[in-house]
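Structure first, then comments.
The values are calculated or read from the model by the stated rules, or taken from the named source; none is laboratory data. Because the structure is predicted, anything quoted here is derived from the model rather than measured. The area values use the complete protein model at the heavy-atom level, side chains included, leaving out ligands, DNA and RNA. Shrake-Rupley method; radii C 1.70, N 1.55, O 1.52, S 1.80 Å.
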Amino acid sequence: MSLERLPYAHAVSIESDADLEGLRRVGRVVALTLAETRRAVEPGVSTAELDAVAANALERYGARSAPALVYGFPAAICISVNDEAVHGIPGARRLSAGDLVTLDVTAELGGYMADAALTVPVPPCAPLAERLAGTAEAALAQGIGAARAGRPLNAIGRAVGRAVDGAGFTVLRQLSGHGIGRTIHEEPSVLNYDEPRLTGRLTPGLVITIEPIISARGEGLSQDADGWTVRTRDGSLTAHAEHTIVVTRRGSPLVLTSVN
């Protein structure tokens, strides 16, 4: 995919019990598929083998790969290693001890879609890599905590950015979260940094992804000749953590892509 802005559809908000149930079902499939694939991460495994684990899980649950369905992505899931920030294509590459591997699963089931990602350090891993992956998860938790009905949409980016900056890492500003539901990318864009000019408020029933995508140093990105893989220009390590959530009328959001 191009680094240019993706073609977004209108925002999806939950309007019925059937919508909520459909999103819960696909969210659980994403969570279970991600967990199965994570358990297969070890030195020597190829990214194609990890993709096969995910593809088998999606098929077993009756779901389809949303990136393949919507954009023609040439695999079941995106797998990005080290300086690859997003959209890595699984292939013959074998993981080595010390790698950082990001697993990004987006599924479709019954006309609904959900999306989640995590970054797994392949042990033994350097402290920097461990801390980077941990910071992405911590920033995600901060972003989810800020997603309350009535707050400005920018509250999420402010919380995420503060967590990343405080750890001494860099938000990759060209990449962001988004609305999701009936297709992968819907309005609104959910930034990972404080942007006071961002308008709009979080409304009950709004379905979005929150996904800090961060690097150890540089912010610049480039795209590989494959037309999909996006990596840091300076070779900095990257990490990515993501959940699909529903903004609730009161209190904390509902996390659709959690195994719990």
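For the reader, a short list of remarks on this structure follows.
- All Cα-Cα distances of the stretch 133-186, cut into 5 Å bins from zero to the largest, leave 4, 19, 25, 25, 17, 7, 2, 0 percent in each bin in turn.
- Relative contact order, whole percent, for the chain stands at 24, derived from Cα pairs under 8 Å and 6 or more residues apart.
- Sorted into 10 angstrom bins from 0, the C-alpha pair distances of the stretch 203-247 split as 24, 36, 26, 14, 0 percent.
- Accessible area per residue for the chain, computed on protein heavy atoms with a 1.4 Å probe, is 41 Å².
- Dimensionless Rg ratio for the chain, taking C-alpha atoms and the 2.2 N^0.38 Å reference: 0.93
- Carbon plus sulfur fraction of accessible area for the chain, probe 1.4 Å, in percent: 50 percent
- Summary value for the stretch 149-260: 27 percent relative contact order, contacts being C-alpha pairs under 8 angstrom separated by 6+ residues.
- Computed on the stretch 190-256, with alpha-carbon pairs under 8 angstrom and 6+ residues apart, the relative contact order is 35 percent.
- Where the Cα pairs of the stretch 114-260 fall when distances are cut into 5 Å bins, in %: 2, 11, 19, 23, 20, 14, 8, 3, 1, 0
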